[in-house]
Amino acid sequence: MSLDLTKGSITGNLLKFAFPMMIGNLLQQLYNVADTLIVGRYLGADALAAVGSAYTLMTFLTSILLGLCMGSGAAFSIQYGAKNMERLKHSLVLSFALIGMITIVLNLLVFLGLDGIIWFMQVPGSIAQLMKDYLSAIFWGISATFLYNYFGTLLRSLGNSIVPLVFLGGSALLNVGLDLWFVLGFQWGIPGAAWATVLSQFIAGLGITAYTLIRFPELRISRRHLRWDTGIFRELTSLSFLTCVQQSVMNFGILMVQGRVNSFGSTVMAAFAAAVKIDSFAYMPVQDFGNAFSTFIAQNYGSRQKDRIQKGIRAAIISAFLFCGVITTLVWVFARPLMGLFVSPQELEIIQIGVTYLRIESSFYFGIGLLFLLYGFYRAVKMPGMSVILTVISLGTRVLLAYTLSLIPQIGVTGIWVSVPIGWFLADLAGTLYYYKRSKLLLPQ
């Protein structure tokens with residue numbers, strides 16, 4: 001059932017729409033977390049380091065497709081808010097063709113450049129072959145990632161966040177089962193973990209595609225929609241490519257940081273691999289709240305409800321800060337036992353490095369919570385370029401400080417950790433100041 005975010009309670013509808021997205025994204029993290037947990041527990045620290053480093057790479061690659069889908073989703077939400085279903089159907093045809101072609105090209109490039117990618121990431125020789133084995137299998141799931149994210153974004157742009165959750169939840173549970181079966185039962189090692197993920201992704205991708213085509217007749221395409229429309233194409237490419245750039249810059253920066261982490265050896269790599277999974281789980285709810293907020297803004301932007309947008313901004317900031325307060329407390333208190341889920345209790349050095357990372361990052365989750373709201377807002381008001389600028393500020397600061405501070409012997413790897421919240425703060429400051437300076441031009445009149 002679709003939720004019209006241009007009517008009714010603002011906070012209530014935002015939470016009602018966001019909650020399934022939060023649960024769904026937490027389940028999505030189970031894909032790689034299941035690999036990481038099982039691999040770390042049963043295949044050792046080197047295997048954990050390889051899968052963790054591969055996760056950062058896959059996040060970067062899928063962020064390209066996710067950014068394209070999210071940009072198109074903003075256009076879909078605006079058109080749905082304006083009740084312009086004809087334009088929406090034209091947009092569906094053009095965006096699917098565009099993102100589908102990019103998916104095929106991306107898939108070919110990563111297979112051809114696998115050795116170069118591993119070299120670029122400064123993967124130690126003892127781990128390089130393990131990582132290659134994992135990536136050789138996991139890359140087959142890129143097209144499934146496109147299908148799930150495209151149709152999931154489409155349904156969420158119409159206010160339906162339940163259906164994507166259902167398919168993702170089933171697929172995530174299947175992935176855990178297949179991980180145990182392939183890694184422990186068949187003893188396929190790292191490739192077994194990868195193939196478990198790929199099969200689960202295809203089930204989610206093909207399932208949500210079929211469901212959308214069958215159960216949403218209002219989205220069905222006819223021959224008149226199969227034509228070129230320059231205006232729609234420009235709108236889609238503007239939103240999609242700039243959102244893609246924003247997502248890609250963000251994750252490319254993380255990929256560069258991963259390269260610096262790798263230079264400290266397999267112990268730090270293993271700690272970072274486990275801690276990043278926990279970190280991703282921790283702030284994922286507020287990230288999804290930011291995406292839900294973006295859909296809310298886009299629908300109301302399309303229906304030109306300025307007052308409702310302003311009230312929604314205030315409600316979203318309060319809600320996001322409450323989320324962050326709770327999450328910060330939980331991660332700080334339970335950092336050590338959370339690391340213990342991924343690493344054997346005997347690996348004391350790995351656990352301690354991970355605990356330090358988590359306590360530094362979690363102390364400043366308020367910063368990333370506000371940043372996700374700013375990303376969502378600027379995407380929804382057709383200013384994805386501003387999201388790119390904020391990402392460059394955040395990640396540029398992070399990469400520069402990570403490489404600079406970690407070279408100081410007295411700081412070392414901790415310099416990589418503290419660079420993150422500094423980047424969040426600077427981006428928040430820039431995004432907030434720009435909004436207050438230009439709000440009259442950003443909001444519908």
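The values are calculated or read from the model by the stated rules, or taken from the named source; none is laboratory data. On a predicted model such as this, the values are computed, not experimentally measured, just so you know. Positions of Cβ are backbone-derived with ideal geometry, glycine not excepted, and every protein chain shown enters the neighbour counts.
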Subject >> Filtered residues of the range 90-125 (kept if part of a helix (DSSP H, G or I), over 23 Å from the mean Cα position of the chain (by Cα) and either farther than 20 Å from Thr237 by Cβ or acidic (Asp, Glu) (or both)) >> reply: Leu112, Asp115, Gly116, Trp119, Gly125
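On the given criteria, is Asn160 out of contact with any helix residue (DSSP H, G or I) (no Cβ under 8 Å at 6 or more places or on another chain) and in contact (Cβ under 8 Å) with a residue 40 or more places away in the chain? Steps first, please.
On the way: out of contact with any helix residue (DSSP H, G or I) (no Cβ under 8 Å at 6 or more places or on another chain): yes; in contact (Cβ under 8 Å) with a residue 40 or more places away in the chain: yes.
Answer is yes for this residue.
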**OP:** Of all residues in the range 404-445, count the ones that are in a helix (DSSP H, G or I), touching a residue at least 24 places away in the same chain (Cβ under 8 Å) and among the aliphatic types (A, V, I, L, M).
**Re:** 8
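I'm checking my understanding of the structure. Among residues of the range 110-156 that are of a type in the set (Ser, Thr, Tyr) and farther than 30 Å from Phe216 by Cα, which one is surrounded by the fewest Cβ atoms within 10 Å (Cβ to Cβ)?
Our first condition is that a residue be of a type in the set (Ser, Thr, Tyr); within the range 110-156, this holds for 126, 134, 136, 143, 145, 148, 150, 153.
Narrowing further to those that are farther than 30 Å from Phe216 by Cα: 126, 134, 136.
On the way: Ser126: 12, Tyr134: 28, Ser136: 14.
Here the answer is Ser126.
Here is a yes/no grid of residues against (1) in contact with a helix residue (DSSP H, G or I) (Cβ under 6 Å, 6 or more places away or on another chain); (2) closer than 22 Å to Tyr148 by Cα; (3) modelled with pLDDT of 85 or more:
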| site | (1), (2), (3) |
| --- | --- |
| Asn175 | yes, yes, no |
| Leu184 | no, no, no |
| Ile203 | yes, yes, yes |
| Leu206 | no, yes, yes |
| Arg220 | no, yes, no |
| Arg223 | no, no, no |
**OP:** For the range 333-382, name all the residues that are without any contact (Cβ under 8 Å) to a residue 60 or more places away in the chain and either of a type in the set (D, E, K, R) or touching a Leu at 6+ places or on another chain (Cβ under 6 Å) (or both).
**Re:** Ala335, Arg336, Arg359
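Would you confirm, using the coordinates I've provided, whether Ala172 is hydrophobic (A, V, I, L, M, F, W, C), without any contact (Cβ under 8 Å) to a residue 40 or more places away in the chain and within 30 Å of Leu88 (Cβ to Cβ)? Give the derivation first.
Details: hydrophobic (A, V, I, L, M, F, W, C): yes; without any contact (Cβ under 8 Å) to a residue 40 or more places away in the chain: no; within 30 Å of Leu88 (Cβ to Cβ): yes.
No; evaluated as a whole, the condition is false for this residue.
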Original post:
Scanning for something closer than 26 Å to Val105 by Cβ and of a type in the set (D, E, K, R), does the range 178-201 turn up at least one residue?
Top reply: no
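Name the one entry in Ser222, Ser240, Ser294 that is more than 30 Å from Val331 (Cβ to Cβ) and in contact with a Gly (Cβ under 6 Å, 6 or more places away or on another chain).
On the way: Ser222 fails: in contact with a Gly (Cβ under 6 Å, 6 or more places away or on another chain); Ser294 fails: more than 30 Å from Val331 (Cβ to Cβ).
Of the residues listed, the single one that is more than 30 Å from Val331 (Cβ to Cβ) and in contact with a Gly (Cβ under 6 Å, 6 or more places away or on another chain) is Ser240.
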**OP:** Go through the residues of the range 331-344 one by one and say whether even a single one is under 30 Å from Asn13 (Cβ atoms), modelled with pLDDT of 90 or more and surrounded by 19 or more Cβ atoms within 10 Å (Cβ to Cβ).
**Re:** yes
Original post:
List, please: which pairs have Cβ atoms under 7 Å, are six or more places apart or on different chains, and start with a residue in the range 90-107 that is under 14 Å from Asn149 (Cβ atoms) and of a type in the set (Phe, Trp, Tyr) and end with one that is modelled with pLDDT of 90 or more and crowded, with 18+ Cβ neighbours inside 10 Å?
Top reply: Phe96/Tyr150
**OP:** Could you look through the range 42-89, keep only residues that are in contact with a Gly (Cβ under 6 Å, 6 or more places away or on another chain) and part of a helix (DSSP H, G or I), and pick out the one that is farthest from Trp188 (Cα to Cα)?
**Re:** Gly81
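For the condition surrounded by 20 or more Cβ atoms within 10 Å (Cβ to Cβ), farther than 30 Å from Ser161 by Cα and of a type outside the set (S, T, N, Q), what is the one hit in Ile309, Ile351? Lay out the reasoning, then the answer.
Working: Ile309 fails: farther than 30 Å from Ser161 by Cα.
Of the residues listed, the single one that is surrounded by 20 or more Cβ atoms within 10 Å (Cβ to Cβ), farther than 30 Å from Ser161 by Cα and of a type outside the set (S, T, N, Q) is Ile351.
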Subject >> Residue that is nearest to Thr59 (Cα to Cα), among those in the range 283-306 that are surrounded by fewer than 24 Cβ atoms within 10 Å (Cβ to Cβ) and among the small types (Gly, Ala, Ser) >> reply: Gly302
